[in-house]
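What follows is a short report on a single structure.
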Ligand SMILES: *[C@@H]1O[C@H](CO)[C@@H](O)[C@H](O)[C@H]1NC(C)=O
């Protein structure tokens, strides 16, 4: 090749390469925002460095109904209730992300730790406040849902819910165990004393979970159902993280009870089979533990149930290419499944493994491409060119189903807005929310890629902590792979 030609093609190549790189979403920006979101969900006394500046202290008497201190933690979504079951799952996912993607999180690792600690400080109180009891929530959800109030104005009962030996809750206890154990790994080096406290408390809660068997939905009824009813039973929640943390053989016997016939093709705050399988596959792939190979097989079966070209795929996709599982807050399944995609691909790549879905060879690249496609869709590469992350990109949801975000801040409007006025003046209003809930990923579009941006349609416009918690890992992965 002539020199001139060669340099021209090099320039052309560089040019296309640059366009390609610049054509990707700004994953770093999205990553920072996805973590910032948690500040908007904070309950309790806010610190001086609170960046979401339209939020203020709330729930400062939480726990007083039971003469204990249960301040802090997170509101799960658009309401003002603290539901520990999804909050613990949120914490588990954030912690798993911080452990698995520590390097790629870079400057965002510290904010991720802060977000985890905001939850674990509260979960520790819930586990240690009263002997023989685990507190599992604050705020009467039925009364809360009848009001549209800023958290700072709350007038609804801050009822306190707990499980105990005669009112068991193995599901919520096991998820709390997982959250505390996973978080103990996050703080092992940076705060050993805190890490130890997390692990000790985790072990205590685990004993409670296995000694008093039962579902918390049966014990607490309408205090948790239909909001965060435990649908999938309580057998596998969390066992894996426990194992990962302690490597105690007695936990392994529990793992064997993980139902190999279960074909869950979903992953959520309620159903953790797939997450358990991928985490157990880690032992087989990274630690070469032969006894864990059956779990690796199950993890592969899960991947084959998700991948679009797999003969055993049971997953629906929208015409625009988004994983579509269920109508209510579908993006929660997209982010949590995407977390498993990038994470399992990482284990495969580290151990140079591939597998077959029927006659199709699956490589880490195939899985990562699907993960990237899901994240890109969320960030605006979709038929509507709509970003489903609030405050990211040019077009994003403006009528988010979120009490605090949809009403003026107490800073600009100090006068109390009552329970019913909130509905009249703000919930039913067609105006955009006055406060931007940066980083929140909402429920997302319907099966035809259509989106309402309608505050009253919580399925599409409500954010939730567990939706965001699960995208932190994939965003960290992509930010590291496609940095600008
Ligand atoms: C999605 O929403 C659009 C607009 O509201 C509607 O026309 C369409 O039928 C919906 N699709 C499904 C599958 O519900």
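Coordinate-derived values only; no laboratory data. Note that the structure is predicted; figures quoted are calculated from it, not measured. Here the Cβ positions follow ideal geometry from the backbone for every residue, glycine too, while neighbour counts run over all protein chains shown.
Miscellaneous remarks
- Between residue 196 and residue 361, the FRET efficiency estimated from the beta carbon spacing at R0 = 30 angstrom works out to 0.10.
- Extension gain for the segment residue 167 to residue 189, taken as residue separation times 0.36 nm less the Cα-Cα distance, is 4.2 nm to one decimal.
- Inter-label distance, nm, simple model (7 Å from Cα along the C-beta direction), residue 231/residue 48: 4.7 nm
- Anisotropy class assigned to region 283-360 is prolate, per the alpha carbon gyration tensor with a/c at or over the 1.5 cut-off and a/b larger than b/c.
- Between residue 354 and residue 145, the contour length at 0.36 nm per residue exceeds the alpha carbon distance by 70.4 nm.
- The chain - percent relative contact order, Cα under 8 Å, separation 6 or more: 20 percent
- Whole-Å semi-axes of the ellipsoid equivalent to region 17-482 (Cα gyration tensor, √5λ, descending): 32, 28, 20
- Label point 7 Å beyond Cα of residue 69 along Cβ direction - residues of region 113-128 with amide nitrogen under 11 Å: 125
- Two-site FRET efficiency, residue 107 against residue 327, from Cβ-Cβ distance with R₀ of 51 Å, rounded to 0.05: 0.85
- Distance in nm between pseudo-label sites at residue 369 and residue 261 (7 Å out along the Cβ direction from Cα): 3.7 nm
- Extended-chain gain in nm, criterion 0.36 nm per residue less alpha-carbon gap, residue 287 and residue 316: 7.1 nm
- Separation of region 395-445 and region 307-381, taken as the distance between their Cα centroids, equals 33 angstrom.
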